[in-house]
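The values are calculated or read from the model by the stated rules, or taken from the named source; none is laboratory data. Just so it is clear, the model here is predicted, and its values are computed rather than measured. Glycine gets a Cβ as well: all are built from the backbone with ideal geometry, and neighbour counts include every protein chain shown. Only protein heavy atoms, including side chains, enter the accessible area calculation; ligands, DNA and RNA are left aside. Shrake-Rupley method; radii C 1.70, N 1.55, O 1.52, S 1.80 Å.
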Amino acid sequence: MSNESKPHRGTIHVESAKILSHERFPGDQFVLRVAAPECAAKALPGSFVHLRTDPMLRMRRPLSIMRVSATEGWVDMLYKVVGEGTRLLSARQEGETLSMMGPIGKPFVAHPERPRALLLGGGVGIPPMVFLAEHLRRTGGFDPLVLMGSEVPFPFRARPSEIIVPGVPDGVIAAMPLMEDWNIASRLASLQGYPGVFEGYITDLARAWLKALSEEQRTQVEIFACGPHPMLAATAMLAREFSLPCQVSLEEFMACAVGGCAGCVVEVQEDNGPAMRRVCVDGPVFDASRVFV
Amino acid sequence: MNADDRDLLHVEFCGMPFDSPIVLLSGCVGFGEEYTRVAGFSNSEVGAICLKGTTGENRLGNQPHRVYETPGGMLNSIGLQNPGARYVVDNILPKLDFSETRFIANVSGSTVEEYVEVTRIFDDSNIDAIELNISCPNVKEGGAAFGNDPDMSARVVAAVRAATRKPLITKLSPNQTDIAENARRCIESGTDGFAVINTLMGMAIDIEQRAPILGNNQGGLSGPAIKPVALLKTHQVHQVARKHGIPIIGQGGVTNANDALEFIIAGASAVGVGTALFYDPLVCESINSGIADYLRRHQLSSIAQLVGTLELNSAISACDVCVE
Ligand SMILES: Cc1cc2nc3c(=O)[nH]c(=O)nc-3n(C[C@H](O)[C@H](O)[C@H](O)COP(=O)(O)OP(=O)(O)OC[C@H]3O[C@@H](n4cnc5c(N)ncnc54)[C@H](O)[C@@H]3O)c2cc1C
Ligand SMILES: Cc1cc2nc3c(=O)[nH]c(=O)nc-3n(C[C@H](O)[C@H](O)[C@H](O)COP(=O)(O)O)c2cc1C
Ligand code: FES
């Protein structure tokens, strides 16, 4: 039997990834850049890596990919310290290496017939949205809006936007600088009262934008989301309210991250009833209407 | 694997030729193809692969969370999620490449009848052997309930033995009082081999929620933390099994060649690797070469020469290993 009949084979690389930079942001957030050329060459928006955070801690931790450069061979991740693994990772220094597996998982898939891609990233759900935005920009023909929510300071210095976004309340002007550089519309939401940031839920900001669109414009919208579970549930409801297709990226505890252990499942409604699907290889991206019913 | 290592690493297990003593363990490698996603990983590096525990009907398994790291190991409570034996035989086995390695079905059930039914379905397939899982700690009925009671174990083994001519490997639970006695009864009932051990039962607690972390409250502990227990159990079963020429797949916490060698010396003819794959998916290569190096260093020409060569200290007699 040839490998042609087994296209899954050899798609995940194990690399000894050298830390190129490791930057700390308020709220125990870190941006990590590692050299991992195989992963960088094959990653797609929604792909994640599974990494050994420290030689002392043997089980790996999954982290989404935020950006890659296939030509320079690096991979960026954004993570927040929440426990032992991420704490140990945060102590790792530039020049050290991490064992990293990737890229893993089914990516987000945007559709040209729906060029108004609405990207929602909450907290450490921001990274895949950055990747998707960059990907859509490269692909061309898309006019995405990126909304990000966080209850700790954003892991970047927000900048007043020069791009007009319909439906957004007056004064909500803070944007992610990277998006501005890419000429992609973005806005921020938080309950913490940060200047220029929408005070409320990211889904309320999204609803305001959707309402400001014409019926015809709305038929061109597709929603992509990653973030905490309640945010994804609210996003799925929003998608239903406006009859829009919606893809969400999910998280669950993992062991193997290659589909071997069935440890990372979520319940999904399929045509013939409920099924348990693996977040690592059947996801992490799922059709929201199958997960939140 | 280079040709020299291949000669050294060859083992015969229940009449099956294995290219390596490594057996990938049930529940850690899905239905045989999952790890081939990893570049550099090859099924032909291992002697055999045990497929996920399979039952008569499909099972959705337990609620998440299902896996959790603990010191030196991990807990799992998958709950035997599988698509049912018929589906496995009709849709999964045809896609496996049997030229790369041996594939072993892991048969599970809630009743003796179900074990027999599943075994019959696999007997009528190209699967290489049957591993009888009478030790799964993660389902309410069946599994460990059979494995912890020597009478029940003997009944299941006898019934399944009558349903298949393929090699029959009985997987024993560490969660029982006298594993050697259970092994003896399984041999009487016709088992061809043993897998020793399955996971130990355990729990992890979220102190903020004051609730168990696993959806199923409890789960099976695997990984390096259980290796000392697994070694002793392998040794104990070997004391009984060797008299009948019955081989053992020793398992529990193997992460490197030295661990594997310990199991072989304790009495295992083949060595299981499960949790270690989660740490390092390419670990088999180094285990193979480490074992081959050891054999060369000790001027042994086969693994068989090393199996059960443990020399006990005189203070302890072979079949009476004291607890205190
Ligand atoms: C596909 C995927 C992508 C992710 N992307 C990111 C990201 O880009 N940035 C980021 O900060 N975090 C991300 N996470 C969550 C991240 O994996 C966890 O925060 C991390 O595993 C916590 O490990 P810990 O040891 O610090 O925490 P602990 O709470 O001590 O972890 C204990 C165990 O639970 C697991 N665990 C705890 N929380 C989670 C969780 N939310 N998801 C999965 N496993 C968990 C850990 O892996 C570990 O095995 C992602 C998770 C998944 C599944
Ligand atoms: C996630 C997971 C799932 C498992 N599922 C099964 C199973 O379906 N049937 C079975 O007999 N053993 C199952 N086991 C037990 C393993 O096959 C093995 O006996 C045990 O994990 C000890 O080996 P290890 O420490 O190398 O992992 C499972 C173990 C793990 C970690
Ligand atoms: S983590 Fe093992 S199947 Fe997903």
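Computed over chain B with a Gaussian network model linking Cα atoms closer than 10 Å, the most mobile of B:R165, B:R242, B:R297 is B:R297. Across segment A:11-104, the fraction of Cα-Cα pairs farther apart than 21 Å, rounded to a whole number, is 21%.
Please give the FRET efficiency for A:E216 paired with A:I163, using the beta carbon to beta carbon distance and R0 = 22 Å, rounded to the nearest 0.05. So the FRET efficiency works out to roughly 0.55. Since only B:S189, B:F263, B:F278 are under comparison, the one whose Cα sits farthest along the positive direction of the charge dipole of segment B:3-321, derived from C-beta charges on Lys, Arg, Asp and Glu, is B:S189. Beta-bridge orientation, chain A: approximately 65 percent antiparallel, per DSSP, counting only bridges with both partners inside.
Accessible-area loss of 20 Å² or more (1.4 Å probe, protein heavy atoms, chain alone versus all protein chains) is found in segment A:219-263 for A:E252, A:F253, A:A255, A:C256, A:V258, A:G260, A:C261, A:A262, A:G263.
The modelled label-to-label distance between A:Q192 and A:D204, using points 7 Å beyond Cα along the C-beta direction, is 1.8 nm.
Residues A:D76, B:D192, B:D4 ordered from highest to lowest accessible area at a 1.4 Å probe: B:D4, B:D192, A:D76. Rounded to the nearest 10 square angstrom, A:L191 shows an accessible area of 80 square angstrom against a 1.4 Å probe. Sequence-distant contacts, meaning Cα pairs under 8 Å at least 6 residues apart, place the relative contact order of segment A:217-285 at 26 percent. Over chain B, Cα pairs under 8 Å with separation of 6+ residues give a relative contact order of 19 percent.
What the Cα convex hull of chain A gives, in volume per residue, is 142 Å³. Rounded to the nearest 20, the size of the Cβ-charge dipole of the protein assembly as shown about its Cα centre is 260 debye, with Lys and Arg at +1 and Asp and Glu at -1.
Computed over chain B with a Gaussian network model linking Cα atoms closer than 10 Å, the most mobile of B:H298, B:H238, B:H65 is B:H298. Site pair A:D143 and B:A211 shows an inter-label distance of 4.5 nm when each label is modelled 7 Å from Cα along Cα→Cβ. In whole angstrom, the protein assembly as shown maps to an equivalent ellipsoid with semi-axes of 49, 25, 21, each derived as √(5λ) from the alpha carbon gyration tensor and ordered largest first.
Mean residue ellipticity at 222 nm, helices only, the protein assembly as shown: -7000 deg cm²/dmol; runs of at least 4 DSSP H residues each add -39,500 (n - 2.57), and the sum is divided by the number of residues. In terms of the Cα gyration tensor, with a ≥ b ≥ c the square roots of its eigenvalues, is segment A:171-239 rounded because a/c is under 1.5, prolate because a/b exceeds b/c, or oblate? Cα axes put segment A:171-239 in the oblate bin. Computed over segment A:51-105, the convex hull of the alpha-carbon atoms projects to a mean area of 4.2 nm². Each Cα pair under 8 Å and six or more residues apart adds its separation to the average, and for segment A:48-104 the resulting relative contact order is 43 percent.
Using the Cα atoms of segment A:81-148 to build a convex hull, what is its mean projected area in square nanometres? Convex hull of Cα atoms, orientation-averaged projection: 6.3 nm². With point charges of +1 on the Cβ of Lys and Arg and -1 on the Cβ of Asp and Glu, referenced to the Cα centre of segment A:252-293, which listed residue (A:V268, A:S289, A:F253) lies farthest in the positive direction of the dipole? Looking along the dipole axis, the top candidate is A:F253.
Net charge dipole, segment A:78-200: roughly 240 debye, given to the nearest 20, about the Cα centre with Cβ charges of +1 for Lys and Arg and -1 for Asp and Glu. Please check which bits of segment A:91-133 a label hung off A:L57 would reach, taking the label as a point 7 Å along Cα-to-C-beta and the cut-off as backbone N under 11 Å. The answer is A:91-92, whose backbone nitrogens lie closer than 11 Å to the label point. All other residues whose Cβ lies under 13 angstrom from that of B:G253 are scored, Lys and Arg at +1 and Asp and Glu at -1, for a net of +1. Tell me whether segment A:116-248 comes out rounded, prolate or oblate; compute the Cα gyration tensor, take square roots of the eigenvalues as a ≥ b ≥ c, and use a/c under 1.5 as the rounded threshold. Here segment A:116-248 falls in the rounded category. Taking a ≥ b ≥ c as the square roots of the Cα gyration tensor eigenvalues, with a/c under 1.5 meaning rounded and otherwise prolate when a/b beats b/c, else oblate, which class fits segment B:3-321? Here segment B:3-321 falls in the rounded category. Solvent exposure of B:D19, expressed as accessible area, is near 50 Å², computed with a probe of 1.4 Å over the protein chains only. Taken along the Cα-to-beta-carbon direction at a fixed 7 Å, the label points for B:R297 and A:E72 span 4.5 nm.
From the alpha carbon centroid of segment A:223-293 to that of segment B:1-79 is 27 Å. The mean count of C-beta atoms from other chains within 10 Å of the C-beta of residues in A:266-277, rounded to a whole number, is 2. Overall, segment B:41-91 carries a charge dipole of about 140 debye about its Cα centre when +1 sits on the Cβ of Lys and Arg and -1 on the Cβ of Asp and Glu, all other atoms neutral.
Considering chain B as a Gaussian network with a 10 Å cut-off on Cα pairs, which listed residue, B:P17, B:P64, B:P150, attains the greatest mean-square fluctuation? Greatest mean-square fluctuation among the candidates belongs to B:P64. Segment A:47-72 and segment B:280-303 have Cα centres spaced 30 Å apart.
Remark: for residue pairs A:K18/A:K42; B:K52/B:K243; B:K171/B:K243; A:K6/B:K52; A:K80/B:K227, the C-alpha separation exceeds 24 Å in B:K52/B:K243; A:K80/B:K227. Spatially, segment A:85-123 and segment A:201-218 are offset by 26 Å when compared through their Cα centroids.
Answer with one residue from A:A234, B:Q81, B:A39: the one whose Cα lies farthest towards the positive end of the charge dipole of the protein assembly as shown, charges on Cβ with Lys, Arg +1 and Asp, Glu -1. Result: A:A234, furthest along the dipole toward the positive end.
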